[in-house]
């Protein structure tokens with residue numbers, strides 16, 4: 001199992017995600033699992049952009065009934081599959097709604113793993129061309145024996161070079177890190 005997908009698939013969120021994944025697999029259609037994944041990612045995005053919803057799912061102040069009521073309203077507006085709707089209801093009843101973002105990541109990681117895919121984060125000091133991005137994707141795909149998709153972020157503070165993060169693995173060849181390393185060596189001398 002590759003490290004990049006395993007990172008989110010641990011602990012209680014992983015067990016919940018695996019249960020939902022197995023329920024989705026029982027339908028016998030691969031497309032169904034991908035539909036569930038897309039619905040979960042949509043819910044995850046809604047949580048990310050809505051601070052009130054993020055507070056609702058994480059705060060112990062709200063009762064499970066209050067969480068369930070508000071989540072039901074949101075899920076009906078989004079129009080999710082009954083399996084997802086019921087699953088989130090179980091999370092509310094078990095007082096585990098705070099785990100939902102981690103469960104979503106674990107479910108998505110499980111799907112990527114089965115499809116032999118992974119996502120990497122690439123941080124550069126300046127924008128890169130599509131050709132450069134493709135070359136880096138190919139290198140990572142060959143190394144990890146997975147189809148790797150890269151999300152590129154520009155951070156001018158790294159001065160130059162790149163940082164690649166794939167799960168818990170990180171390759172930091174940024175100029176900023178090299179300069180800090182030199183500074184540390186000079187301070188020790």
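Treating the Cα atoms of the stretch 3-113 as identical point scatterers in vacuum, please give the log10 of the normalised Debye intensity I(q)/I(0) at q = 0.22, 0.23 Å⁻¹, two decimals.
One equal scatterer on each Cα of the stretch 3-113 leads to -1.28, -1.39.
Could you tell me what % of all Cα pairs in the stretch 90-132 have separations over 15 Å? Could the numbers behind the result be given before it?
Details: 574 of 903 pairs.
The answer is 64 percent, as a whole percent.
What does the convex hull of the Cα atoms of the stretch 117-188 come to per residue, in Å³, rounded to a whole number? It would help to have the intermediate numbers written out before the result.
Numbers: hull volume 6.4 nm³, N = 72.
Roughly 89 Å³ of hull volume per residue.
Hey, what's the Cα Rg ratio for the chain versus the globular rule of thumb, 2.2 N^0.38 Å? Could the numbers behind the result be given before it?
Details: Rg = 20.0 Å, N = 189, 2.2 N^0.38 = 16.1 Å.
Computed over Cα atoms of the chain, the ratio equals 1.24.
Please sort 33-41, 156-164, 99-107 by packing, taking for each peptide the average over its residues of neighbouring beta carbons within 10 angstrom, highest first. It would help to have the intermediate numbers written out before the result.
Working: 33-41: 18.2, 156-164: 15.0, 99-107: 22.9.
Packing proxy ranking, top to bottom: 99-107, 33-41, 156-164.
Take the Cα radius of gyration of the stretch 26-75 and divide it by 2.2 N^0.38 Å, with N its residue count; two decimals is plenty.
For the stretch 26-75, the normalised Cα radius of gyration is 1.38.
If the chain between residue 116 and residue 172 were fully stretched, how many nm would it gain, using 0.36 nm times the residue separation less the Cα-Cα distance?
So the chain would gain 17.7 nm between residue 116 and residue 172.
Only bridges whose two residues both fall in the chain count here: according to DSSP, what percent of them are antiparallel, nearest 5? Can you show the working numbers first?
On the way: 8 of 16 bridges.
Of the beta bridges lying entirely in the chain, close to 50 percent run antiparallel.
Rule-based calculations on the coordinates, nothing more; no lab input. Quick caveat: nothing in here was measured; it's all calculated off a predicted structure. Quick reminder, even Gly has a Cβ in these numbers, built from the backbone with ideal geometry, and neighbours come from all protein chains shown.
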